[in-house]
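Taking it in order: structure first as structure tokens, then the write-up.
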Amino acid sequence: MAGAIVAPSAAKPAATATLIEQAADYWATARYQDVTPEAVRLSKRFLLDTVAAGIAGSHSEVVEIAIAAARAGTESTSGSAVLWGRSDRLPPPQAALVNGTAAHAFELDDFGGCGHSGAVVTPVVLALSASKKLAGRDALMALLAGYDLAARVLEGAGGYRPHNDLGWHSTGTCGSFGAAAAAARVLALAPSGFADALGIAGTFTGGIWAFLADGAMTKRFHPGKAADNGLSAALLAAAGMTGPRQVLETQWGGFFSTYSPGIATPAATLQGLGSEFRIDRSGMKPYACCRGLHAGIDALLQILAETHSDCRSIARILVHGNAQFRLQFDRLQPTNLLDAQFSMQYALAVAAVSGRATLDQFEPPRTSDPEIGRLMAATALLDDRVIAPGDYPPIEVVFNDGRRIERHVQFAKGAPQNPLSDRELADKVASLIDPVLGASRRSEIAATIARLEELDDLRILTRLLTRGDAGKVA
């Protein structure tokens, strides 16, 4: 991959070991000085982006439900790990579940990797740091291990589009491996225990796309469940439970043969291990909707800007896609937030009217606006192009005066090849954290993450993510 983060050299595990044993052997023993400065820089950027998304989602309806469920049937309502943006605490597995759900609550967390790696990996690292002194450098290594394994398993499963086209939600299916890797690294498991953690996580992973049929809340829950699954797997491994070492490649009951039959590429799992860090496959969202819509939004906004036109000059919008794109994003009448965030018609309409696709354009949905309704009705998703994996449909705008302009955006804003600038990331973070914790606390969070490698205790950061005194270092 062009522009990949590459380390100068890396030890090669024995080829006779299984896939997860080779991955575990590297990540259980890798040192901070073994990773590139660029990998460290990206890990801090993604950490900031993820906690901002989680703080923004910390009081969403789905998070309130997750907290109520975590507390049901227990006498205690507290634990050691903080809940971002709140004054609550829960035990680490439940806290990881809640914070992972919060990070994904509004479709503002990162994309790529396993699908949404940050919402899976980051809650695990921060939750486990609650009861032990974890240095900032060790936290960065855990984040890098989690992002790396989450992405590598998906690559071994055939890649995002082939695996997800089977109906699996890769954030859940592959994210559990990343969560287990991050947890194993925090717990300082030896290579054998590290491999057990990955094996245990793989035996109980899952996640399907059925939520799109009716806009169910379970999509928000998938990253949190994967985080919980991976963290719990590592705790079980630390306590002595063994996991299947051939969990990925065994022919009957293996992850690849079960979740990606006929499309898996197992060799991709280890390609460049230790010299390439897969965190560079993730990107950041400027828009509060599914990433599959971002290229179309960028294309439409570019056309309107270049022609000095506004929404009223648009007669029709044609989206030149394929059958799978229509199945996922052809939603003319969204009835809830998730529907709106997966509706190409709605996303293009609000972008044309407002010039943006930020959270305020989706929550609450603006479907009653007459101009948005007109544009939605004027937008057609077509099954008339071959769309390569990783690519997106071109947008064609037909204007009232008869002009027709088509635009294809290969790398929408926020992609690894077209990243958010530091200023754009800072503006996004401010818009998400300030309404919950205030500008002063947001500045403290950003400054602390910027010097994360200097911290001797990650709880210096986690206490800043809460309201009140709940996050004070013990």
Next item on the list: Quick one: check the C-alpha center-to-center distance for segment 267-344 versus segment 173-201, whole angstrom.
Entry: 32
Next item on the list: Using label points projected 7 Å from each Cα along Cα→Cβ, tell me how many nm separate residue 417 and residue 72, to one decimal.
Entry: 4.6
Notebook entry, point to check: What whole-number value in Å² describes the accessible area per residue of the chain for a 1.4 Å probe?
Noted result: 38
Margin query: For the pair residue 324/residue 430, report the inter-label distance in nm, with labels modelled 7 Å from Cα in the Cβ direction.
Written below: 4.0
Notebook entry, point to check: Once phi is turned into ³J(HN,Hα) by the Karplus curve 6.51 cos²θ - 1.76 cosθ + 1.60 with θ = phi - 60°, what whole-Hz value does each residue of segment 267-276 show in order, with x for glycine and proline?
Noted result: 4, 5, 4, 10, 4, x, 4, x, 10, 10
Next item on the list: Would you be so kind as to identify all helices of the chain, as entire DSSP H runs, whose Cα atoms reach 20 Å or more along the helix's own axis and whose mean Kyte-Doolittle hydropathy is at least 0.5?
Entry: 37-56, 136-156
Item checked: Peptide ranges 38-44, 93-99 listed from the most packed, as the mean C-beta count within 10 angstrom indicates -> 93-99, 38-44
Notebook entry, point to check: Got a sec to turn the phi values of segment 307-320 into Karplus ³J(HN,Hα) couplings, 6.51 cos²θ - 1.76 cosθ + 1.60 with θ = phi - 60°, whole Hz, x for Gly and Pro?
Noted result: 9, 6, 10, 10, 4, 5, 8, 8, 9, 8, 10, 10, 10, 8
Item checked: Per-selection Rg to Rh, segment 81-134 - Cα, Kirkwood hydrodynamic radius -> 0.99
Note to self: At 1.306 mPa s and 10 °C, plugging the Kirkwood radius over alpha-carbon pairs of the chain into Stokes-Einstein gives what diffusion coefficient in µm²/s?
What the structure shows: 71
Next item on the list: Scale the Cα Rg of segment 233-369 by the rule-of-thumb value 2.2 N^0.38 Å and send over the ratio, two decimals.
Entry: 1.50
Check: How large, in percent, is the carbon and sulfur part of the accessible surface of the chain at a probe radius of 1.4 Å?
Finding: 54
Next item on the list: Compare the peptides 145-156, 188-199, 328-339 by average per-residue count of other Cβ atoms within 10 angstrom and give them in order, highest first.
Entry: 145-156, 188-199, 328-339
Margin query: Report, in listed order, any pair from 132/428; 133/285; 225/285; 44/132 with a Cα-Cα distance greater than 24 Å.
Written below: 132/428; 133/285
Check: So, by mean Cβ neighbours within 10 angstrom, what's the order for 16-28, 448-460 with the highest one leading?
Finding: 16-28, 448-460
Check: Once phi is turned into θ = phi - 60°, what whole-Hz ³J(HN,Hα) does the Karplus curve with 6.51, -1.76 and 1.60 give for every residue of segment 278-285, x standing for Gly and Pro?
Finding: 6, 4, 6, 8, 9, x, 10, 8
Next item on the list: Restricting attention to the chain, give the cysteines that have no other cysteine Cβ less than 4.7 angstrom from their Cβ.
Entry: 289, 290, 311
Note to self: Can you tell me what share of the DSSP beta bridges in the chain is antiparallel? A percent to the nearest 5 is fine.
What the structure shows: 70
Check: For the pair residue 242 and residue 41, how long in nm is the line joining their label points, each one 7 Å along Cα→Cβ?
Finding: 4.5
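The values are calculated or read from the model by the stated rules, or taken from the named source; none is laboratory data. Since the structure is predicted, the reported quantities are computational estimates derived from the model, not experimental observations. All Cβ positions, even for glycine, are placed from backbone atoms using ideal geometry, and neighbour counts span all protein chains on display. Side chains included, ligands, DNA and RNA excluded: accessible areas come from the protein's heavy atoms. Shrake-Rupley method; radii C 1.70, N 1.55, O 1.52, S 1.80 Å.
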